[in-house]
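Structure record follows, encoded as structure tokens.
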Amino acid sequence: IAYIHDPDEHWEEALGGAWPALRQLRDEGVVKAIGVGIKQVPMLVRFARETDMDVFMVAGRYTLLDPSAIWELLPLCEEKGIAVVVAGVMNSGILADPRPGGRFDYLPAPPDVVDSVRRMSATCARYGIPLRAAAVQFPLAHPAVRSVIAGVRRIEQLEEYPELLRAPIPADLWADLRAEGLIDPSAPVPDAAPVSAAAVPDRAASRDGDAP
């Protein structure tokens, strides 16, 4: 996959230059798929409507904290057959470590965000489920989402992802998060079962740089 990366301030250049160049590479068989990776939803909606992309990497905009991609982008991707890869599922770290001073969208998390994440964490704790597991599994329930990026700083964090993906999360936990207004009511949630082994990255491959 070849991505146009963060074209936020460069719509004209991306649409008039990068997009036709990548399309030619795809047509020639040099790459198998082309797409856009970005942290915002509106520009991806424009790309979906005005180009023939194969895949979008959505960073931080389809998470437990910020589900904004669900309202227009994800239905559009379903309609057009555009695969979605979700990155930034921990929203810069606050969903992994909900504490004052934690990071949200690359900045210190505001108090209301910290409060929401702490409430999510408390709900998960009642079921003995790490909040990180809910954060990793949540995006994969949407039919447009094909993969989640494991954003980590250390190999130990990467090796934790298979356990987070396999953690069986009961349906009651998702129901409680909805009832408490902590997740979008329109967002699909995972089945009350572990993610299949086929969806879990191979550790050896991940060490070689082939993490999904």
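The values are calculated or read from the model by the stated rules, or taken from the named source; none is laboratory data. Being a predicted model, the structure only gives us computed values, none of them experimental. For neighbour counting, all protein chains shown are included, and Cβ atoms are generated from backbone atoms with ideal geometry for every residue, glycine included. For the accessible areas, the whole protein counts, side chains as well, though only heavy atoms, and no ligand, DNA or RNA atoms are used. Shrake-Rupley method; radii C 1.70, N 1.55, O 1.52, S 1.80 Å.
From helices alone, the chain scores -10000 deg cm²/dmol at 222 nm; the rule is -39500 (n - 2.57) for each run of n ≥ 4 DSSP H residues, then divide by the residue total.
Leaving out ligands and nucleic acids, and using a 1.4 Å probe, what accessible area per residue does the chain come to in Å²? The partial results should precede the final answer.
Details: 10570 Å² over 212 residues.
Result: 50 Å² of accessible area for each residue.
If you wrap region 65-177 in the convex hull of its Cα atoms and look at it from every side, the mean projected area works out to 7.5 nm². Per residue, the convex hull spanned by the alpha carbons of region 8-64 comes to 78 Å³.
When you filter the trypsin sites (Lys or Arg not before Pro) in region 1-77 for DSSP loop state and at most 14 other Cβ atoms inside 10 Å of their Cβ, you are left with K32.
Given a 1.4 Å probe and every protein chain left where it sits, what share in percent of the accessible area of region 7-155 is carbon and sulfur? Can you show the working numbers first?
Values: 3630 of 7000 Å².
Carbon and sulfur atoms account for 52 percent of the accessible area of region 7-155.
Do me a favour and compute the ellipsoid semi-axes for region 133-192 from its Cα gyration tensor, root of five times each eigenvalue, largest one first, whole Å. Numbers along the way, then the final one.
Values: eigenvalues 101, 33, 22 Å².
Each semi-axis is the square root of five times an eigenvalue, giving 23, 13, 11 Å.
Once Rh for region 58-122 is found with the Kirkwood sum over Cα pairs, what is the Stokes-Einstein diffusion coefficient at 25 °C and 0.890 mPa s, in µm²/s?
D = 197 µm²/s.
Please work out the Kirkwood hydrodynamic radius for region 110-160, using every pair of different C-alpha atoms, and report it in angstroms with one decimal place. Result for region 110-160, one decimal place: 12.7 Å. When the chain is treated as a Gaussian network with alpha carbon springs shorter than 10 Å, the biggest mean-square fluctuation among L15, L107, L173 belongs to L107. Ratio of Rg to Rh for region 1-123: 1.06 [Cα atoms; Kirkwood radius as inverse mean 1/r over pairs].
Ordering F56, F104 by accessible area with a probe of 1.4 Å, largest first, what comes out? The partial results should precede the final answer.
Numbers: F56 0, F104 45 Å².
Largest accessible area first, the residues go F104, F56.
Extents of the chain, taken as max minus min of Cα coordinates on every principal axis and listed largest first, are 53, 37, 32 Å.
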